[in-house]
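Novice: If you scroll down you'll find the structure; I have some questions about it.
Read the figures in this text as sums done on the coordinates, not as results from a lab. This structure is a prediction, so every number in the text was calculated from the model and none was measured. Every residue, glycine among them, receives a Cβ derived from its backbone with ideal geometry; neighbour counts consider all protein chains shown.
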Amino acid sequence: MPIIEHNFTDIDEFWKFISPDGEIVNQMGQISYPIFRGQGDASWTLHPAALRKNVIDKYMHERHVYSQTDHVIFFEFDLLSAYIHYSDEMALTIPGDSQQFREDTDFYNFANRFGSIANEWPTNNFYPLLASAQHHGIPTRLLDWSRSPFVAAYFAATQALNFDINEKEKEIVVWAADVNKIDRLKHETDESITQIEFLSLPGVTSKNLAAQKGCFILLKWIMGQSRDNRFNPGTSIEQILSDNKEINLYKITLPHKQVGELLLKCKKYGFSAATLFPGSDGAGRAATEFKLAKLRADRM
């Protein structure tokens, strides 16, 4: 069914609505499994980074004949392989590592498996690697969500800090969905069949993942991802969900002019870079974000 929008201008009403005991969970029902995603601009689509045109163009400047499997091998796998290499150089643990995993991530073995048909990509043995890479800046097919609405609100607000302070007419958004309704949902077009999969990985996969109560949505091709198919990023997740009459996708917005106060409220409730990115980097990030939040809220 169409996306259900709730637009707020008051922070306290917004906060109460998205709370675990708030109206959004009541609308989903008592047996729901709600997950949330925050974005700094309500107009952005729900597309994983590895399938966004601006991200692809940043790393793949010249694309003439570019197939679906080219994208898997020369964009996604290339970045993951580099992540493995530099993790090894720094003696960092790679989630899911084993001798078999090393064989699976050998270029020639990978190309033989996915070079012609990549409908299985990514297979579940790659999930821990993708999750770790995703949480350290590598674009993957995973889309970050959280079991906490307040974590989602924090990320929406911090992303909005990157916008010009005069762009106050924009809105941030917290998306909400019920895992029970969206997991394994299929979407068919003339060229492909894709499926939404919900992934919840062990907290040991990444300190950030655990701190953020993180989970993921994966957009996976069942058909149409072969060497003969020209690259296509596929239908956005919100479009897939809104096309299904039995699915409710919630879009909760708040004006950009409120992001300073929202970040201060998040900090008051224990949600800041210091708690969501454990370590010195998180502490430094929290200090600068707190300064910017006070500036945006006119509390300097």
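Novice: Under a Cβ-only charge scheme (Lys and Arg +1, Asp and Glu -1), can you give me the dipole magnitude of the stretch 106-169 about the Cα centre, in debye to the nearest 20?
Specialist: In debye, rounded to 20, the stretch 106-169 gives about 220.
Novice: Then there is this: Taking the Cα centre of the stretch 34-157 as the origin and placing charges on Cβ (Lys, Arg +1; Asp, Glu -1), which of 155, 128, 60 is farthest toward the positive end of the dipole?
Specialist: Value computed over the given set: 155.
Novice: Further, regarding this structure: Quick one: which residues, 5+ away or cross-chain, put their amide H under 5 Å from the amide H of residue 215? H built at 1.01 Å from N.
Specialist: Distant-sequence amide H within range of residue 215: 145, 146, 147.
Novice: Follow-up. What is the mean projected area of the alpha carbon convex hull for the chain, to one decimal in square nanometres?
Specialist: Averaged projected area of the chain's Cα convex hull equals 16.4 nm².
Novice: At a 10 angstrom cut-off on C-beta neighbours, averaged per residue, how do the peptides 144-154, 120-130 rank from highest to lowest?
Specialist: In decreasing order of mean packing, 144-154, 120-130 become 144-154, 120-130.
Novice: Apply 1/(1 + (r/R0)^6) to the Cβ-Cβ distance of residue 82 and residue 43, taking R0 = 35 Å, and write down the FRET efficiency to the nearest 0.05.
Specialist: 0.65
Novice: Check residue 120: other-chain or 5+ apart residues with amide H under 5 Å from its amide H, H built from backbone geometry?
Specialist: none
Novice: Let me ask something else about it. Which pairs, out of 251/291; 53/267; 220/267; 245/265, put more than 32 Å between their alpha-carbon atoms?
Specialist: 53/267; 220/267; 245/265
Novice: Which order do peptides 269-281, 171-183 fall in by mean Cβ count within 10 Å, highest first?
Specialist: Those peptides, ordered most packed to least, come out 171-183, 269-281.
Novice: Report the extension gain between residue 3 and residue 30 in nm, rounded to one decimal, defined as 0.36 nm multiplied by the number of residues separating them, less their alpha carbon distance.
Specialist: 7.7 nm
Novice: Given 5 Å bins starting at zero, what is the percent of C-alpha pairs of the stretch 199-270 in each, up to the one with the largest pair distance?
Specialist: 3, 10, 11, 13, 16, 19, 15, 7, 4, 2, 0
Novice: Once Lys and Arg get +1 and Asp and Glu get -1 on their Cβ, which of 237, 117, 187 lies farthest toward the positive end of the dipole of the chain?
Specialist: Positive-end residue among those listed: 237.
Novice: Please identify every one of the chymotrypsin sites (Phe, Trp or Tyr not before Pro) in the stretch 75-105 that sits in a loop by DSSP and has no more than 16 other beta carbons within 10 Å of its own beta carbon.
Specialist: Filter output for the stretch 75-105: empty list.
Novice: May I pose another question? Within the stretch 204-300, list the GluC sites (Glu not before Pro) lying in a DSSP loop whose Cβ has at most 15 other Cβ atoms in a 10 Å radius.
Specialist: In loop regions of the stretch 204-300 (DSSP not H, G, I, E or B), the sparsely surrounded GluC sites (Glu not before Pro) are 246.
Novice: With a cap of 12 neighbouring Cβ atoms within 10 Å, and only residues DSSP puts in a loop, list the GluC sites (Glu not before Pro) found in the stretch 2-98.
Specialist: 62
Novice: If you take the charge dipole of the chain about its Cα centre, with +1 on Lys and Arg Cβ and -1 on Asp and Glu Cβ, which of 100, 71, 83 is farthest toward its positive end?
Specialist: About the Cα centre, the residue reaching furthest to the positive side is 83.
Novice: Treat every Asp and Glu Cβ in the chain as -1 and every Lys and Arg Cβ as +1, leave all other atoms uncharged, and give the resulting dipole magnitude about the Cα centre to the nearest 20 debye.
Specialist: That gives a dipole near 740 debye.
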